[in-house]
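To start, the structure itself, in structure tokens.
Read-outs throughout are calculated quantities, based only on the coordinates presented, and are distinct from any laboratory measurement. This is a predicted model, so every value here is computed, not measured. Ideal geometry is used to build each Cβ from the backbone, glycine not excepted, and the neighbour counts take in all protein chains shown.
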Amino acid sequence: MPGPAAGSPPRLRTRLWRLPEARWAAVATALFAAGGLAQLLGAPPAVWWTLYLSCYVTGGWEPALAGVRALGERTLDVDLLMIVAAIGAAAIGQVFDGALLIVIFATSGALEAFATARTADSVRALLDLAPDRAVRVGPDGTETEVDTTGLRVGDLIRIRPGERVGADAIVVAGASDVDQATITGESLPAAKFPGDEVFAGTLNGIGTLLARVHRDPGDSVIARIVALVEQASATKAKTQLFIEKVEQRYSIGVVAATLALFAVPLLFGAGLQPTLLRAMTFMIVASPCAVVLATMPPLLSAIAVAGRHGVLVKSAVVMERLADTAVVAFDKTGTLTEGTPRVAEIHPATGVTDREVLRLAAAAERHSEHPVATAILAAARDHDLTVPEVTGFTSTPGRGVRATVDGRAVAVGGPALLDSRTGDQAVRAAIHAAETAGHTAVLVLSDGAPAGVLVLTDRIRPAAAGTVTALARLTGTTPVLFTGDNPGAAAHLAAQAGIHGVHAGLLPQHKVDRVRALQDDGHRVLLVGDGVNDAPALTAADLGVAMGLRGSDLALHSADAVLVRDDLSTLPAVIALSRRARRLVKANLAIAATFIIALVTWDLLGHLPLPLGVAGHEGSTVIVGLNGLRLLTNRAWNRARIDASGVPPAAPLG
């Protein structure tokens, strides 16, 4: 019966066949199988020799070319060792063994290419979300379909029902529900009204929107994130680079030992063929293929699976170093909080209702572009209020707005609007309490008298407290808070998040000083931030993580990883995933070393058949490669989340 599972293998085969390494490995394997079959059926030796040598060419030309290039740079590459060993096997009549070596070596190379390609696919999938065309609206209202790459800041675009948004833009007219799960991870479509932002690549619902582009297509949320992580598969981890340095010296040692094993017995009268066979076997089993392959597949696989779940890590070096995180420091606004003010409380004056205070404020603010106006209008929508039309609207920077609402003169602004000689005591108390807690107090006046106070606050992210708890469990140290906000607001937020170490009123250079103080105490510091003022500290920290949606360009550039959906809960998960990747690297190194020691000992102290040496050595390479690819599955991410939270999965019912 057809189903999802039935469709998966063809898609996997298609993805594999796109890789040149996989295609050459497949051709080499087919030629090897044909040669083996011809040999078993008693075909003339010329037939199966031709098939085996064709296998040499198709499976060995690429590593041979890489080895020759490395030799030109005065380095001895393990690829060249394998090719020389295969040619040596053919030279003494063991062409089957040499072809087997080529096939297994080509297959292990294809596995590494597959892991790298999966990482690149997770990045390209983000770019595929953005449409190629958009409808631009001219000053005279004419509509023209243009390439999205040709859009510029200030252009008006029309987004019709069912279309994907062509650029990051601000809605200026219309209303709709937009599915932005691909960017923010929200399970339900988000309502969009004038003043709301829409993101490139998100899917419009049933309404039509007119929006003004406010970022060039190359600077959209998707494009900025992709630009940061395209280097991921090309970067080598610290352990990998160390292994490559060891490999060069080790390979020279293997060549020297092979020459000694060949020359010394001949000096004492040993036969040419058995001596050459033993030397070739030694070269094969002693080569560090599996050791070299032990590092990158687990780290690249971890990068790929993290990318699919909203964490884009810039390099394998970063993925490796995440495991060393000892203490996490958070910025406040836009990181632990949503970065957008919301009406949290309404305190009406005597004789006035909550709804009336909010209705008057929303009416007066409806033509304002200030963030406070956005928060008040959003609260009015949440309360299903009908906002009346106004006349005489004026806005004074630093003072607020004034308008005539239902014949009344309404003013909305800061506490400075309140006449020190008048005012409701309850209103004064509400203002004092709000400012003491670090919140924003907005006063509403009606015909010169206080109507009430709106308290605005930056809401803590839902996942903040759970993330702090998980990080404390993972690192053994409770995260700390670095913020430029006042101590009252910082303390209030820290109490909600479960953070005890609070450092408030910090300028950018002070955040750097705090990071370095932690480092001087021997801690590996990971800093999470989103703003331009966080960039110096992100650079100074051992690792910097930026918020993908709200992060400034400078913060995204300075950071080592990006939380694409601003989902804090993915941070402890990616640290746990990094630690699992490190465990896999160590396990792979142990597997590779065990095989090499056992096979070399057997060859030196006994008689190791060449086919068995080839199978054992290259088999260990395949085992190591496949072991690293285990982290590509969603199960690996789910396990990392469980490891981070410390909560085991629920037992099945029944």
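Structure notes:
- Listed values for region 534-545 are Karplus-derived 3J(HN,Hα) couplings in whole Hz (6.51 cos²θ - 1.76 cosθ + 1.60, θ = phi - 60°), namely 8, 4, x, 6, 4, 6, 6, 5, 4, 9, x, 10, and x replaces Gly and Pro.
- When peptides 206-219, 264-277 are ranked by their average number of other Cβ atoms within 10 Å per residue, the highest-first order is 206-219, 264-277.
- Of the GluC sites (Glu not before Pro) found in region 282-380, those that fall in a DSSP loop while having at most 12 other beta-carbon atoms within 10 Å are Glu369.
- Rg [Å, one decimal], Dmax [Å, integer] - region 442-517, C-alpha atoms: 17.0, 58
- For the pair Thr633 and Arg133, a Förster radius of 22 Å applied to the C-beta separation gives a FRET efficiency near 0.05, rounded to the nearest 0.05.
- When you work out D = kT/(6 pi eta Rh) for region 22-77 at 37 °C and 0.692 mPa s, using the Kirkwood radius from C-alpha pairs as Rh and the Stokes-Einstein form, the result is 268 µm²/s.
- With both labels modelled 7 Å from their Cα along Cα-to-Cβ, the Arg74 to Arg583 distance reads 4.4 nm.
- Each label point was placed 7 Å from the Cα along the Cα-to-Cβ direction; for Leu266 and Leu507 their separation is 7.5 nm.
- Efficiency of FRET between Arg473 and Asp521 - r from beta-carbon atoms, R0 25 angstrom, step 0.05: 0.75
- Potential extension, Ala257-Phe393 segment - 0.36 nm per residue separation minus Cα distance: 40.1 nm
- Over region 470-553, relative contact order from alpha-carbon pairs under 8 Å, at least 6 apart, %: 22 percent
- Of the trypsin sites (Lys or Arg not before Pro) found in region 366-413, those that fall in a DSSP loop while having at most 14 other beta-carbon atoms within 10 Å are Arg399.
- Ile597-Arg23 FRET efficiency (beta carbon distance; Förster radius 51 Å; 0.05 resolution): 0.90
- Sequence ranges 628-636, 39-47, ranked by mean other-Cβ count within 10 angstrom, highest first: 628-636, 39-47
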